[in-house]
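Take a look at the structure set out below.
The values are calculated or read from the model by the stated rules, or taken from the named source; none is laboratory data. Keep in mind it's a predicted model, so treat the numbers as computed, not measured. When we count neighbours, we look across all protein chains shown, and the Cβ atoms used for this are built from the backbone with ideal geometry, even at glycine.
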């Protein structure tokens, strides 16, 4: 299965969920600033990176885990991916997970300052604090995804997860 965590910019929310999924962040404690900053692609994606699938690794069930920043596409992103998958007969291989419902105002403000206005010194501390505040929501989302994958709840067809 190809698991795709997606959010607006692909720099914070989807990256955090994917890192939890891959075991890079322990699910039992809130990560430090340093731990978050060590995650590949965390707070470094720029406009040109939006729309690019980034492979992060394989989980313990050999599922491939990706992130993507989809900008303002929202529901259109999933329709686009579904359509492309059906054209190429890949429908049995994808799980799309929208992480945007877990984003808090600090993540929005800090992400905009850090990535949007290219002022990481100003925005990074705010976005990191926001990620820490929402961290256990991401843990719960990833736990639900992994449980459903292990029980084959998603079946063999395209599914989307919107918390």
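Okay, residues lined up against (1) in contact with a strand residue (DSSP E or B) (Cβ under 7 Å, 6 or more places away or on another chain); (2) in a strand (DSSP E or B); (3) at negative phi:
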{"position": "3", "(1), (2), (3)": "yes, yes, yes"}
{"position": "9", "(1), (2), (3)": "yes, no, yes"}
{"position": "79", "(1), (2), (3)": "no, no, yes"}
{"position": "84", "(1), (2), (3)": "no, no, yes"}
{"position": "89", "(1), (2), (3)": "no, no, no"}
{"position": "101", "(1), (2), (3)": "no, no, yes"}
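Annotation: of all residues in the stretch 130-158 being surrounded by 15 or more Cβ atoms within 10 Å (Cβ to Cβ) and more than 14 Å from residue 18 (Cα to Cα), the one that is modelled with the lowest pLDDT is 158. Summed over the stretch 111-129, residues that are farther than 28 Å from residue 80 by Cβ and touching a helix residue (DSSP H, G or I) at 6+ places or on another chain (Cβ under 6 Å) total 9.
For the stretch 10-26, give me the residue count where each residue is surrounded by fewer than 23 Cβ atoms within 10 Å (Cβ to Cβ) and either farther than 15 Å from residue 142 by Cα or at pLDDT below 95 (or both). Lay out the reasoning, then the answer.
From the stretch 10-26, those surrounded by fewer than 23 Cβ atoms within 10 Å (Cβ to Cβ) are 22-24, 26; that's our starting set.
Pick out the ones that are also either farther than 15 Å from residue 142 by Cα or at pLDDT below 95 (or both) and you get 26.
Here the count works out to 1.
Listed by first and then second residue, the pairs linking a residue in the stretch 39-53 that is free of Cβ contacts under 8 Å to residues at least 12 places away in the same chain to a residue that is in a helix (DSSP H, G or I), with Cβ atoms under 9 Å apart and 6 or more places separating them unless they lie on different chains, are 47/71; 47/115; 47/116. Could we say that residue 52 is under 17 Å from residue 15 (Cα atoms), assigned to a strand (DSSP E or B) and in contact with a strand residue (DSSP E or B) (Cβ under 8 Å, 6 or more places away or on another chain) here? So residue 52 fails the test.
Against the list (1) at pLDDT 80 or above; (2) within 19 Å of residue 110 (Cβ to Cβ), the condition residue 47 fails is (1). The lone criterion from (1) modelled with pLDDT under 90; (2) surrounded by fewer than 19 Cβ atoms within 10 Å (Cβ to Cβ); (3) in contact with a helix residue (DSSP H, G or I) (Cβ under 8 Å, 6 or more places away or on another chain) left unmet by residue 92 is number (3). Being more than 23 Å from residue 123 (Cβ to Cβ), surrounded by fewer than 17 Cβ atoms within 10 Å (Cβ to Cβ) and at pLDDT below 80 holds for only one residue in 79, 74, and it is 79. For the stretch 48-71, a tally of residues being surrounded by 12 or more Cβ atoms within 10 Å (Cβ to Cβ) and touching a helix residue (DSSP H, G or I) at 6+ places or on another chain (Cβ under 8 Å) returns 11.
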